[in-house]
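Derivation of every value follows stated rules applied to the coordinates shown; laboratory data play no part. These numbers were taken from a predicted model, which means no experiment stands behind them. Because the Cβ atoms are built from the backbone with ideal geometry, glycine has one as well, and the counts that use them run over all protein chains shown.
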Amino acid sequence: MLRLATAFSVVLLALTASTADAQQSSNQWYFGMSVSLNNGQLYVNSVVPFGPAAQAGLEAGNIIRNVNGRNFWSAQNDYQAIQILQNAVGFGGGGGGGGGGGTPTLLVQPQPGQANMSVRDVRTGNISGITVFPRSQWGGGGGGVPTN
């Protein structure tokens, strides 16, 4: 019986470790900020000096309303919100499509590795567009500029 319990513990430990590794490896983009989810919006808790978020003009207290057209309303926790952020950047934004009989519309999609954010400024309360170029965890990228 003790052998069975020990074997079960080892299998459970291996599953836990592989789940944590999968979650960690899914964060391809480095933004240089810590965030938390609150009421369907992403709050910037802190910004790393000279990191991509700081270079783009993000500050602690700013609220990210959406990124590349994707909002955070479906997220139930911080991890899910970060995955929405990561996926929006990794795939270059949402798609679009035309309806039958309508006028064709040209949609300009951000490039992978570019985060076009709608942000509420902590100091002024104004909402503006900020583009962040997060660094890939495998090198390259980084920086950004406010787009107003």
(message) Could you tell me the calculated FRET efficiency between Thr124 and Tyr30, based on Cβ-Cβ distance and R0 = 25 angstrom, to the nearest 0.05?
(response) 0.35
(message) Testing the spin-label approximation: label points 7 Å from Cα along Cα→Cβ at Asn45 and Gln83. State their distance in nm.
(response) 1.9
(message) Using each residue's phi in the stretch 39-54, evaluate 6.51 cos²θ - 1.76 cosθ + 1.60 at θ = phi - 60° and report the 3J(HN,Hα) Karplus result to the nearest Hz, with x for Gly and Pro.
(response) 6, x, 10, 9, 8, 7, 7, 7, 10, 6, x, 6, x, x, 5, 5
